[in-house]
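The block underneath contains the structure these notes are about, expressed in structure tokens.
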Amino acid sequence: DSIVEKMQSALVELERNTREIQEAVMSVRMLPISFVFNRFPRLVRDLSVKLEKKIELVIEGGSTEIDKNLVEKISDPLTHLIRNSIDHGIEMPDVRRANGKDETGIVKLSAAQKGGEIVISITDDGAGLNP
């Protein structure tokens with residue numbers, strides 16, 4: 001074996017070891033997004049009582065993993081979006097009934113991994129905002 005071949009072999013092994021270490025470090029930094037999502041059932045329950053609306057929160061993809069550093073960073077924006085959905089999107093039960101809908105509005109919070117990205121969505125079955 002020439003010195004070049006030995007060097008190439010050592011570099012390939014170093015690259016493999018480096019990749020394994022990086023993957024191990026990344027897995028330690030990851031948490032299920034349910035750490036964030038589990039805060040919202042109480043918020044939805046409290047807001048629905050306060051606003052006299054019937055609301056069901058549906059959570060999907062709670063096992064989707066997210067970097068620990070993002071857990072705290074996304075909590076406030078998600079809280080704001082959920083509040084807006086309940087405040088402005090979901091109608092009062094009598095209005096929903098009059099429009100042929102179930103009295104209970106549904107807010108859906110979901111997370112999914114698509115490629116190398118995490119997609120978080122909040123949807124509701126309300127009338128939406130009046131532009």
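The values are calculated or read from the model by the stated rules, or taken from the named source; none is laboratory data. Predicted model only: the values in this text are computed from it and were never measured. All Cβ positions, even for glycine, are placed from backbone atoms using ideal geometry, and neighbour counts span all protein chains on display. With ligands, DNA and RNA removed, areas are computed over all heavy atoms of the protein, side chains included. Shrake-Rupley method; radii C 1.70, N 1.55, O 1.52, S 1.80 Å.
General remarks:
- 5 angstrom amide H check on residue 124, placed H, neighbours 5+ away: 108
- Solvent-accessible area, 1.4 Å probe, carbon plus sulfur percent, for the chain: 54 percent
- Spherically averaged projected area in nm², based on the convex hull that wraps the Cα atoms of the chain: 11.3 nm²
- Residues of the stretch 88-131 falling in the label zone of residue 23, defined by backbone nitrogen less than 18 Å from a point 7 Å along Cα to beta-carbon, are 115-117.
- Accessible surface area normalised per residue over the chain is 68 Å², counting heavy atoms of protein chains with a 1.4 Å rolling probe.
- Taking Cα atoms only, the orientation of helix 68-84 departs from the longest principal axis of the chain by about 20 degrees.
- Hydrodynamic radius of the stretch 70-131 per Kirkwood, over alpha carbon pairs, in Å: 13.1 Å
- Square roots of five times the Cα gyration tensor eigenvalues for the stretch 43-88, Å: 24, 13, 8
- Degrees separating the helix 40-51 axis from the principal Cα axis of the chain, which is the longest one: 20 degrees
- Taking the Cα centre of the chain as reference, the dipole from Cβ charges on Lys and Arg (+1) and Asp and Glu (-1) amounts to some 480 debye.
- Antiparallel %, DSSP beta bridges [both residues in the chain], to 5: 60 percent
- Placing a label point 7 Å from the Cα of residue 39 along the Cα-to-Cβ direction, the residues of the stretch 93-122 with a backbone N closer than 17 Å are 109-111, 120-122.
- Qualifying GluC sites (Glu not before Pro) in the stretch 1-95, DSSP loop, other Cβ atoms within 10 Å at most 15: 52
- Accessible surface ranking for 121, 48, 1.4 angstrom probe, highest first: 121, 48.
- From phi via Karplus (6.51, -1.76, 1.60), per-residue ³J(HN,Hα) for the stretch 27-33 in Hz, x at Gly/Pro: 5, 5, 7, 8, 10, x, 5
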